[in-house]
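S.K.: Can you keep this structure in mind? I'll have questions shortly.
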Amino acid sequence: MTAPSTPEAPWPVRTVARKVAEWIGRLGEVWVEGQVAQISRRGAATVFLTLRDPAADLSVPVTCARDVADRPGLELTEGARVIVRARPDYYIARGSFALRATEIRAVGLGELLARIERIRRLLAAEGLFDAARKRPLPFAPAVVGVVTGRDSAAERDVLVTARRRWPAVRFAVHHSLVQGASAAASVIDGLRRLDADPEVEVIVVARGGGSVEDLLPFSDEGLVRAIAACRTPVVTAVGHETDTTLVDHAADVRAATPTDAAHRVVPEIGEQRRLVDMLRARARHLLVSRLDQQDRWLESVRSRPVLASPDRLLHGREEDLQQLRTRARRTVTHRLEGAERDLEHARARVAALSPAATLERGYAVVQRADGALVRDPAAVADGERLSVRVAGGRLAVRVDREDVQP
């Protein structure tokens, strides 16, 4: 048994390689499903394959005897789906890993459909096919992205039909592989390029009809996830009307054919013109009807007696106005007369209570030189000059004590 490796006693490369080979050898034979990405027949005894995982960017080399690869009934070509019975091998001299196949079986139509169904259930459980994720297509998009095969009938159907329906539409076309082992990756690349283009408002993925094996790339798990991740609405038009692939479930709209996709992404200009003309006629009819209705209402209003002879209202109110004016004048006169009488009474009371009225009755007011009133004879001195005010004016007097009577 080999001692554990330590910094002081590290393992040599050969030991590590041998242990890795032993660990891999313990796995034993396994059954592996994949897609043939590359095949090479070197020499007379050995065939070299590259087996690719359809749902991941991962592949592994496979070697087998020629009689295993050329078994009668087995058509081993690039892009074929196969199931391989193999033993994992680690080649110590080269430090490489490979599968050594002892049996290769082609995946039949039933197996392909079962695998597609498993993927469909998986993606449906993740919610990638939910109706809530579907987005409405833009009306009359200025730029339509198209992912399709080069010089294909699907491309012509989409472009010719769309331009005939809406001549102003422009296209951003990405030519990709639509069949074979690299088709799914090629379509994914086109989707991502068009989705990143800010001018593209909708993307059409189009391919003509074919067998289940031909349309298999459009049920690729990676392609379905790429469509679900697009920010731009996606329309799929893959195969004929009866063909259904997994991308149809993930797309925002599934078209029966490439021609149908063109009908869905752009409106028909003649139809839109007829619609505009119809809406204009409807608006004109509504406007004319409303004007006629208002005109009839105005005529009915103008024909009423009140508006036919507006001065009648003035004639009817003239007498009322005269009566109100007379009543107002009478009321004001009455109030003025009452106020005048009140003023005369107040004036008489003020006059009766004033000092001048008292003087008129023969009374006099005696004041000292400083203006102080004299109320007591004892308060003045003999010979003091005083002022006596009577009704007719003032008198200057001098006090004579001999004449003062107590």
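The values are calculated or read from the model by the stated rules, or taken from the named source; none is laboratory data. Nothing here was measured: the structure is a model prediction, and the numbers come from that model. Don't worry about glycine lacking a Cβ; one is built from the backbone with ideal geometry, like all the others, and counts go over all protein chains shown. We work out accessible area using only protein heavy atoms, side chains counted, and drop any ligands, DNA or RNA first. Shrake-Rupley method; radii C 1.70, N 1.55, O 1.52, S 1.80 Å.
S.K.: Criterion first (open to solvent by 70 Å² or more (accessible area, probe 1.4 Å), farther than 20 Å from Ile269 by Cβ and out of contact with any Ser or Thr (no Cβ under 7 Å at 6 or more places or on another chain)) does Pro136 satisfy it?
M.R.: Criteria met by Pro136.
S.K.: Still on this model: If you scan the range 82-105, which residues turn out to be buried (at least 17 other Cβ atoms within 10 Å of the Cβ) and hydrophobic (A, V, I, L, M, F, W, C)?
M.R.: Within the range 82-105, Val82, Val84, Ala86, Ala98, Leu99, Ala101, Ile104 qualify.
S.K.: With respect to the numbered conditions (1) buried (at least 19 other Cβ atoms within 10 Å of the Cβ); (2) under 30 Å from Gly127 (Cβ atoms), which one is the sole condition not fulfilled by Pro198?
M.R.: Here Pro198 meets the rest and fails (1).
S.K.: Residues Leu298, Leu291: which one is open to solvent by 100 Å² or more (accessible area, probe 1.4 Å) and out of contact with any Gly (no Cβ under 8 Å at 6 or more places or on another chain)?
M.R.: Leu291
S.K.: Another one. Which of the residues spanning the range 21-35 are hydrophobic (A, V, I, L, M, F, W, C) and either open to solvent by 90 Å² or more (accessible area, probe 1.4 Å) or modelled with pLDDT of 85 or more (or both)?
M.R.: Trp23, Leu27, Val30, Trp31, Val32
S.K.: Check Val158 against each of (1) of a type in the set (A, V, I, L, M, F, W, C); (2) more than 18 Å from Val169 (Cα to Cα); (3) open to solvent by less than 40 Å² (accessible area, probe 1.4 Å) and name the one condition it does not meet.
M.R.: For Val158, the failing item is (2).
S.K.: For Arg284, state whether it is exposed (fewer than 15 other Cβ atoms within 10 Å of the Cβ), over 30 Å from Pro167 (Cα atoms), of a type in the set (Lys, Arg) and over 31 Å from the mean Cα position of the chain (by Cα).
M.R.: Considered against the rule, which asks whether it is exposed (fewer than 15 other Cβ atoms within 10 Å of the Cβ), over 30 Å from Pro167 (Cα atoms), of a type in the set (Lys, Arg) and over 31 Å from the mean Cα position of the chain (by Cα), Arg284 comes out as no.
S.K.: Sticking with this structure for a sec: Among helices (runs of 4 or more DSSP H) lying entirely in the range 257-351, which contain 1 or more residues that are over 30 Å from Gly239 (Cα atoms), modelled with pLDDT of 90 or more and of a type in the set (A, V, I, L, M, F, W, C)?
M.R.: 269-302
S.K.: Answer yes or no: is there a residue in the range 155-170 that is over 34 Å from the mean Cα position of the chain (by Cα) and within 17 Å of Thr244 (Cβ to Cβ).
M.R.: Scanning the range 155-170 turns up no residue that is over 34 Å from the mean Cα position of the chain (by Cα) and within 17 Å of Thr244 (Cβ to Cβ).
S.K.: Take the range 240-256 and flag every residue that is open to solvent by 40 Å² or more (accessible area, probe 1.4 Å), among the charged types (D, E, K, R) and at pLDDT 90 or above.
M.R.: Across the range 240-256, the qualifying residue is only Arg254.
S.K.: Does the range 3-20 hold any residues that are loosely packed, with under 12 Cβ neighbours inside 10 Å and either touching a Ser or Thr at 6+ places or on another chain (Cβ under 6 Å) or closer than 26 Å to Ala98 by Cβ (or both), and which are they?
M.R.: Pro12, Val13, Arg14
S.K.: List every residue pair whose Cβ atoms lie under 6 Å apart, where the two residues are 6 or more positions apart in sequence or sit on different chains, the first residue falls within the range 253-268 and is under 13 Å from Gly208 (Cβ atoms) and of a type outside the set (Gly, Ala, Ser), and the second residue, located anywhere, is at pLDDT 90 or above and assigned to a helix (DSSP H, G or I).
M.R.: Pro258/Ala154; Pro258/Asp157; Pro258/Val158; Thr259/Asp157; Thr259/Thr161
S.K.: Suppose the filter is polar (S, T, N, Q) and either over 24 Å from Ala183 (Cβ atoms) or modelled with pLDDT under 80 (or both); does Thr50 pass it?
M.R.: No; evaluated as a whole, the condition is false for this residue.
S.K.: On to the next question. Which pairs do you get when a residue that is more than 24 Å from Thr358 (Cα to Cα), found in the range 374-394, comes within reach of a residue that is open to solvent by less than 80 Å² (accessible area, probe 1.4 Å) and of a type in the set (D, E, K, R), reach meaning Cβ atoms under 8 angstrom, with the pair 6+ apart or on two chains?
M.R.: Asp382/Asp400; Gly383/Asp400
S.K.: Inside the range 123-133, can you point out the residues that are open to solvent by less than 90 Å² (accessible area, probe 1.4 Å) and touching a residue at least 12 places away in the same chain (Cβ under 8 Å)?
M.R.: Listed by number, the residues that qualify are Leu123, Ala124, Leu128, Phe129.
S.K.: Kindly indicate whether Arg42 is in contact (Cβ under 8 Å) with a residue 12 or more places away in the chain and either open to solvent by 40 Å² or more (accessible area, probe 1.4 Å) or more than 16 Å from Ala80 (Cα to Cα) (or both).
M.R.: Judged against the criteria, Arg42 is not a match.
S.K.: Let me ask another. On the given criteria, is Arg71 at pLDDT below 85, under 17 Å from Ser96 (Cβ atoms) and not polar (S, T, N, Q)?
M.R.: Against the criterion (at pLDDT below 85, under 17 Å from Ser96 (Cβ atoms) and not polar (S, T, N, Q)), Arg71 does not qualify.
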